[in-house]
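Computed from the coordinates by the stated procedures, all read-outs in this text should not be read as laboratory data. Fair warning: this is a prediction, and the values are worked out from it, not measured in the lab. Positions of Cβ are backbone-derived with ideal geometry, glycine not excepted, and every protein chain shown enters the neighbour counts.
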Amino acid sequence: MKKIIVYLNQFFGQIGGEDKADFKPEIQEGLVGPSMEFDRQIKNGTVTHTIICGDNYMGSNEEQAVEEILGFLEGKEFDLFIAGPAFQAGRYGNACGVISLAVKKKFNVPVISSMHIENPGVEMFKKEMIIFPGGKSAAAMRKDIKKIAKYADKILTGEKLGTAEEEGYYTRSIRHQVWREDKVCAADRMVDMLLKKINGEPFETELPIPKMDRVPVATPVADLSKAKIAMLTTGGIVPIENPDRIQSASATRWGKYDISGMERLEGGVFKTIHAGYDPAAADANPNVCMPIDAMRAYEKEGKIGELYKYFYSTVGTGTTQGEAARMGKEIVAELIEAGVDAVIMTST
Amino acid sequence: MANLVPVAKTAGANKIVPTISIPYPLGDPATTEKEQWDLRYHRVGVALDALTADVKEQTVFKVRI
């Protein structure tokens, strides 16, 4: 029987929630959480081990985490490495991608993951590994595992593998040379496409150009000592009563909060409502996320002209890129109106 | 200012200053108040200087503390 090792975060590895996100990597023999479902659904392999690592530990100590995990795997026999599914969890997606690529490089075994299309891990890693489109949350667990399992069985039995479109994973932008079954040569296909285009008919390009959503670099601030600087965060810092009822995850709302006369953000006056990280540190001292105290110091020194009297806040976890772009545009319109010259945005 | 620099790059940020963690980007509560302040003051300063930098592509700025 072929052997499979599965990677999970602290939550799916049943260690705990956000308060355990610093959990150091661990390897367990046998099945934990989603490993059970992988073991059940994959017919031609068995899950021998489950690796569990906290998302924050991987995010903040990547080199160390990878080294420890590769150490666990040293000397173990395995034919396939599966990480996730990571759904729409950005840090989990990052962790799945980082560890999968490291495992692939060191042990040369196939690696697979699954992520929702809005998970930043998709853009980051899909070129270098196989990632199946997944659901937004763990409600899609069984369905997401099924997709991976089907493909895993093909790999483990050495069955012929199709293209990304045929198999259903995110395209890796790899071009293969193939003999087409219809034997229509490229020139004929191209002229056909051109004719369709001229006639305004739909056609399917054979070379899609990936769409890059890039923002031009802003003009540098010429004189910082005269500039009005605004502070923004996706870390969910708000007055403790959360007056704008910004959601703790998948936010669609943002707020602006007056900091006139404040030297720093006091715990007990401000807190974080972000559900994607342990709030203890930011609740105790909100400046670790929204550094108003340091900005005031620079204002006093004259390094900057002025700290804008509002800071802006929303929650980044699970927030779609579409909503984020809309909120960004709304905030920028206000900032321009207020004559703000530049912004610093902190993220968690 | 971001802890997950690769995510910041993917999201399209042009000027990136690394922070130290997700729950406390700018001050580890396990260190002294002074150490937290030094780190925060330094990295916010790097971010301010970054605003004046004329870069042509995505740039991750170096921090000392």
Report task. Could you list the trypsin sites (Lys or Arg not before Pro) in the stretch A:220-304 that lie in coil according to DSSP, counting only those with at most 15 other Cβ atoms within 10 Å of their Cβ? Result -> A:Arg245, A:Arg253
Report summary line: Along the dipole axis of the protein assembly as shown (charges at Cβ: +1 for Lys and Arg, -1 for Asp and Glu; origin at the Cα centre), the most positive-end residue among A:Leu232, A:Leu161, A:Asn285 is A:Leu161
Requested in this report: Rounded, prolate or oblate: pick one for the stretch A:89-146, where a ≥ b ≥ c are the square roots of the eigenvalues of its C-alpha gyration tensor, a/c under 1.5 means rounded, and failing that, prolate if a/b is larger than b/c, else oblate.
Outcome: prolate
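Apply the a/c threshold of 1.5 to the C-alpha gyration tensor of the stretch A:2-167 and tell me whether it is rounded, prolate or oblate. Please list the in-between numbers first.
Values: a/c = 1.40, a/b = 1.21, b/c = 1.16.
It is rounded, given that a/c, with a ≥ b ≥ c, falls under 1.5.
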Query raised in the report: Using a ≥ b ≥ c from the Cα gyration tensor of chain A (square roots of the eigenvalues), is it rounded, prolate or oblate, where a/c under 1.5 gives rounded and otherwise the larger of a/b and b/c decides, a/b for prolate?
Result: oblate
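Take the residue pairs A:Lys127/A:Lys150; A:Lys126/B:Lys62; A:Lys106/B:Lys62; A:Lys3/A:Lys127 and return only those whose Cα atoms are more than 23 Å apart. Each step should come with its number before you reach the end.
Values: A:Lys127/A:Lys150 21 Å; A:Lys126/B:Lys62 28 Å; A:Lys106/B:Lys62 29 Å; A:Lys3/A:Lys127 25 Å.
The pairs that break the limit, which is 23 Å between Cα atoms, are A:Lys126/B:Lys62; A:Lys106/B:Lys62; A:Lys3/A:Lys127.
Under the definition of partner shielding as Cβ atoms of other protein chains within 10 Å of a residue Cβ, what is the mean value for peptide A:276-284?
Working: counts 2, 6, 3, 1, 3, 11, 6, 1, 2.
Average neighbour count from other chains, rounded to a whole number: 4.
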Requested in this report: Might you report the magnitude of the Cβ-based charge dipole of the stretch A:2-167 about its Cα centre, with Lys and Arg at +1 and Asp and Glu at -1, to the nearest 20 debye?
Outcome: 600
Report task. Output ³J(HN,Hα) for the stretch A:72-87: one whole-Hz value per residue in order, computed from phi by the Karplus curve 6.51 cos²θ - 1.76 cosθ + 1.60 with θ = phi - 60°, and x for Gly and Pro. Result -> 4, 7, 3, x, 8, 8, 7, 10, 7, 10, 10, 10, x, x, 9, 6
Report summary line: Listed by chain and number, the lysines with an alpha carbon less than 16 angstrom from that of A:Lys300, same-chain partners under 8 positions apart left out, are A:Lys226, A:Lys228, A:Lys309
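Using 0.36 nm times the number of residues separating A:Ile198 and A:Asp258, minus their current alpha carbon distance, what extension gain do you get?
Working: separation 60, 0.36 × 60 = 21.60 nm, distance 5.69 nm.
That works out to 15.9 nm of additional length.
How shielded is A:217-228 by partner chains, expressed as the average number of their Cβ atoms within 10 Å of its Cβ atoms?
Values: counts 9, 4, 1, 7, 6, 1, 1, 4, 0, 0, 3, 0.
The per-residue average across the peptide is 3.
What relative contact order, as a whole-number percentage, does the stretch A:230-348 give when Cα pairs under 8 Å and 6 or more residues apart are counted? Present the calculation step by step, with values, prior to reporting the outcome.
Details: 222 pairs, mean separation 51.3, N = 119.
Dividing the mean separation by the residue count of the stretch A:230-348 yields 43 percent.
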Query raised in the report: Taking every DSSP beta bridge that has both residues in the protein assembly as shown, what percent is antiparallel when rounded to the nearest 5?
Result: 25
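For the stretch B:5-60, what relative contact order do you get, as a whole percent, if you take Cα pairs closer than 8 Å and at least 6 residues apart? Write out the running numbers ahead of the final one.
Numbers: 41 pairs, mean separation 25.0, N = 56.
Dividing the mean separation by the residue count of the stretch B:5-60 yields 45 percent.
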Query raised in the report: Based on the mean of other beta carbon atoms within 10 Å per residue, what is the order of A:32-45, A:176-189, B:27-40, most packed first?
Result: A:32-45, B:27-40, A:176-189
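Of the peptides B:49-56, A:23-30, how do they stack up when ordered by the mean number of other Cβ atoms within 10 Å, highest first?
Details: B:49-56: 13.1, A:23-30: 15.9.
The densest-packed peptide leads the list: A:23-30, B:49-56.
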Report task. Grab the DSSP H runs of chain A that are 4 residues or longer, score each as -39,500 (n - 2.57), total them, divide by all residues and round the 222 nm result to the nearest 500 deg cm²/dmol. Result -> -10000 deg cm²/dmol
Query raised in the report: How many angstrom separate the Cα center of the stretch A:4-62 from the Cα center of the stretch B:1-19?
Result: 27
**Report entry** Per-residue average of Cβ from other chains inside 10 Å of B:40-47
**Finding:** 5
Query - Among beta bridges that DSSP assigns inside the stretch A:1-126, antiparallel share in %, nearest 5 - result: 20
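Note down the relative contact order for chain A as a percent, whole number, built from C-alpha pairs under 8 angstrom at least six residues apart.
Details: 625 pairs, mean separation 49.6, N = 348.
Relative contact order of chain A: 14 percent.
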**Report entry** Modelled FRET efficiency - R0 25 Å, A:Glu241 with A:Glu337, Cβ distances, 0.05 increments
**Finding:** 0.40
Report task. Might you report the magnitude of the Cβ-based charge dipole of the stretch A:241-348 about its Cα centre, with Lys and Arg at +1 and Asp and Glu at -1, to the nearest 20 debye? Result -> 180
